[in-house]
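Worksheet: the structure to be examined is printed underneath.
The values are calculated or read from the model by the stated rules, or taken from the named source; none is laboratory data. If you're wondering where the values come from, they're calculated on a predicted model, not measured in any experiment. Cβ atoms come from the backbone with ideal geometry, glycine included; neighbour counts cover every protein chain shown.
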Amino acid sequence: MIPYGRQSVTEDDLAEVVKVLQSDWLTQGPTVDEFESAFAEMCGADHAIAVCNGTAALHLAMLAAGVNEGDRVVTTPNTFVASANSAAYVGARVDFVDIDPVSYCLSPDQFAIHCREKGNPKAVVVVDFAGHPAEVPRISEIARSEGTVVIEDACHAVGGRFGVNGRGFRVGGHPWADLTTFSFHPVKTMTTGEGGMVVTNNREYADRIRILRSHGIVRSKEEFRGELAQYDEVQPWYYEMQELGFNYRLSDIHAALGVSQLKRLNDFIGKRQEIVDRYNQAFENLPLVKIPRIANWIDPGTKGVTRLSWHLYVLLIDFSQLGKSRTVVMTELKELGVGTQVHYIPVNSQVWYREKFPSVRETMPNMANFYESCLSIPLYPTMAAEDVEQVIDAVKRVCQ
Ligand SMILES: *Cc1c(COP(=O)(O)O)cnc(C)c1O
């Protein structure tokens, strides 16, 4: 069975993890520092803070952005539930705005309409769906004009680059997001087992996230303000909990895998692109199937600045014309050894959101059309050429 996604872990990765296991330091320590520095450099960002998973990264980004009880946060329905849940964790009300019909990311047009009608939210969470960047230049212009913080959930887009008007920008390093989050779950493009990262150019955000990642505790004398702090003498045992934080730390064991995987990130992205190219060529003329497209605000790859980091390969299939339901198509593909998945069930339709925000009845036609026809087919760097051809043959057999 060819799964829809799978990690690639080599002997080199294992050796790096074993080295940490044999060292004195297993929890957050020097290897986390090394991972953070290497990751910040890869993104071209000032600060990277490693955490225990991508959801924790989003939660801390919300707190750093100052989102509170009663605030509003806008996000896309076409994402994993964590993008929205992080806003709910801090007591915000979550509003969903329809997607763009080309990129399947949050639509800047719909976001503009939403802000005009309801006012700007405290924060907007954009998601680089499947690895295609959300249209951050326009979204951030609308957001920042009224002080909305832009959080980019880049869990699908690690290492991606995109060109705008001939200039190249990196996911995590471009000027249009205030905070960018990543996940290193095994199904993502690079893995640490479980793990996540927040990237920002804002020093205050970075400091706050570091403190919240570890119980809200500060350890430097300059920052003490508690009644037991004695400023005239050194108290080597002393630390202060100044706000209610969490244990969201990543371990050095996980970070070792991250450092090692990061060295192969370019290979992972290249291998995924090769498979995407082969799929595009094989499926572009299938009548009932639509292949992924790149929105035209992004310079095409030929200009040398765009290199998307594809996480998913999502086909839109006209199931009603085909005369088979998605369940039948998935079952037939499975019988041919091909695993598939649906990304995503619209988050606003999840039971918890329906029950929590009963007054909200969004009409989101683009999301509805997308959800009706999307199907993710296998995409991961260790797919053999025969696997790719097997998927292509199976899809052609089942979908025409
Ligand atoms: C995977 C994912 C997350 C959550 O990451 P975890 O590491 O599993 O907590 C959040 N948002 C998106 C878009 C994701 O794909």
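The single condition among (1) surrounded by fewer than 13 Cβ atoms within 10 Å (Cβ to Cβ); (2) farther than 22 Å from Val289 by Cβ that Phe357 does not meet is (1). Of the helices (runs of 4 or more DSSP H) contained entirely in the range 286-366, those carrying at least 3 residues that are at pLDDT below 95 fall at 351-356.
Counting just the residues of the range 181-190 that are in a loop (DSSP other than H, G, I, E, B) and either of a type outside the set (Ser, Thr, Tyr) or farther than 15 Å from Arg272 by Cα (or both), which one comes out farthest from the ligand (Cβ to nearest atom)?
Going residue by residue through the range 181-190, those that are in a loop (DSSP other than H, G, I, E, B) are 184-190.
Still in the list and also either of a type outside the set (Ser, Thr, Tyr) or farther than 15 Å from Arg272 by Cα (or both): 184-188, 190.
Values: Phe184: 7, His185: 4, Pro186: 9, Val187: 7, Lys188: 6, Met190: 12 Å.
Step by step, filter the range 181-190, then rank; the result is Met190.
Residues in the range 175-208 that are in contact with a helix residue (DSSP H, G or I) (Cβ under 9 Å, 6 or more places away or on another chain) and either under 15 Å from Ser309 (Cα atoms) or of a type in the set (Ser, Thr, Tyr) (or both): Thr180, Thr181, Phe182, Ser183, Phe184, Lys188, Thr189, Met190, Thr191, Thr192, Thr200, Tyr205.
Cβ-Cβ contacts under 8 Å between residues 6 or more apart (or on different chains), taken from a first residue in the range 81-108 that is within 13 Å of Asn68 (Cα to Cα) and touching a residue at least 24 places away in the same chain (Cβ under 8 Å) to a second residue that is part of a helix (DSSP H, G or I) and of a type in the set (Val, Ile, Thr), are listed as Ser86/Thr55.
Output the residues belonging to the range 16-28 that are in contact with a helix residue (DSSP H, G or I) (Cβ under 8 Å, 6 or more places away or on another chain) and surrounded by fewer than 16 Cβ atoms within 10 Å (Cβ to Cβ). Let's see the steps before the verdict.
Applying the first criterion (in contact with a helix residue (DSSP H, G or I) (Cβ under 8 Å, 6 or more places away or on another chain)) to the range 16-28 yields 16-17, 19-21, 23, 25-28.
Within the range 16-28, Lys19, Leu21, Ser23, Trp25, Leu26, Thr27 meet the criteria.
Exactly one residue out of Gly168, Gly159 is away from the ligand (no atom under 13 Å from the Cβ) and crowded, with 22+ Cβ neighbours inside 10 Å, and it is Gly159. Checking each residue in the range 294-318 for being more than 20 Å from the chain's Cα centre (by Cα) and farther than 19 Å from Glu284 by Cβ picks out Trp297, Asp299, Lys303, Gly304, Val305.
Checked against (1) under 22 Å from Ser260 (Cα atoms); (2) in contact (Cβ under 8 Å) with a residue 40 or more places away in the chain; (3) more than 12 Å from the ligand (Cβ to nearest atom); (4) not hydroxyl-bearing (Ser, Thr, Tyr), Cys52 passes all but a single condition, namely (3).
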